[in-house]
Every structure is written in C-alpha cells, then in structure tokens.
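Trainee: Next up is a structure, given as structure tokens.
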Amino acid sequence: MDQPELDHVGRIVAQWTRERPDLDVTPQGVIGRLHRLAARLTDELVTVYGRFGLGEGEFDVLATLRRSGAPYELTPGELATQTMVSSGAVTKRVDRCVEQGWVTRRVSDSDARGRMVALTPAGVALIDEAFGAHMANEHRLVAMLDGAERTRLAQLLEKWGRALDA
C-alpha cells in the first residue's frame, strides 16, 4: 500500500530526523502544522472582515463590545483585557472605529477620569452583519472535520492552552 505524500511539515521533520537522529523532532509535527494552520486561518478570516471594511483589530473591538451586551460599552482597560492586546493597541483600534462612526468614546458616568467606549447604532448593525458572515466562514473552515473531531480538537487545544497558561 502506498504511503501518502508528506506535507511540508512532514518533509521538514523527515529531514531533521535524517540529519539529527539523536533528537526527537516529533513536536515539530504538531507545532509546525499549528503555526502554518494559524497563518492560513488568519488569511481566511481577514478576507471576510475586509468585505465589511474591517481589519482584524476593528472586528475584534466591535465584536467584543457587541458580545458584552447592552448598552454595548466597556472601558478601554476592559477592552484590552478581553481582546488580549495592549492598551496602546486598543487606543489605535478604537481611534479607527471612532473615525468610521462605529463607536463613541465618552467620560464615564461613575468616574470622571475614566472613559467608556460604546457601539453606535451603525456599529451594532455592522458587527451583526459581519459576525454572521464570520460564523458562516468559520463553519466552512471546520466543515472538513466531523462533529466529534471538532469537539475533541477543541478539548485538546483547551487542555494545552490551560497547561501553557498555568
């Protein structure tokens, strides 16, 4: 029975196995494939965001505000925590969203030193439409795995992520 042709990462692992038989290079099979897959997935996701005039950062801000529930507003610090980027990155992203009329920035009602970032009605309408397209795209991207495979992969990735975070 013929062996399937090696993929790019498989060829790299085979080369290192040949050149450094003293090392176990099998982790490259996982890490290398995840790295390549992440880059491909980002390209696929960004393409859909672009159809709505959004970059990755703007989509992240709008989606984070929308999923926070009415009144769809958070402090810049909460946005930074929930989007896992620096406060400087949040400022740049929010500035772009303000320029487009998707969000507003105002003084907090509870702390005059604090600021609140809130979705505008145009921002809500945009992210609702973009998020629907985003979910259809994600369904397309995972469709080659059956339900049990998707569930198991999600569980394994969660386990691995928690271990790395610990």
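Trainee: Among the listed residues Gly88, Gly132, identify the single one that is open to solvent by 20 Å² or more (accessible area, probe 1.4 Å), modelled with pLDDT under 95, part of a helix (DSSP H, G or I) and outside the structural domain of Ala39 (by the TED database).
Mentor: Gly88
Trainee: Name the single residue that is most open to solvent (accessible area, probe 1.4 Å) among those in the range 37-54 being within 16 Å of Val124 (Cα to Cα) and in contact with a helix residue (DSSP H, G or I) (Cβ under 7 Å, 6 or more places away or on another chain).
Mentor: Ranking the qualifying residues of the range 37-54, first place goes to Phe52.
Trainee: Which is of a type in the set (S, T, N, Q), open to solvent by 80 Å² or more (accessible area, probe 1.4 Å), not in a loop (DSSP other than H, G, I, E, B) and not assigned by the TED database to the domain that holds Ala38, of Thr81, Thr64, Thr104?
Mentor: Every option except Thr81 fails the conditions.
The values are calculated or read from the model by the stated rules, or taken from the named source; none is laboratory data. It should be emphasised that the depicted structure is a prediction, and the values quoted were computed from it without experimental measurement. Cβ sites come from the backbone with ideal geometry, for glycine too, and all protein chains shown count toward neighbours. Ligands, DNA and RNA are excluded from the accessible area calculation, which covers all protein heavy atoms including side chains. Shrake-Rupley method; radii C 1.70, N 1.55, O 1.52, S 1.80 Å.
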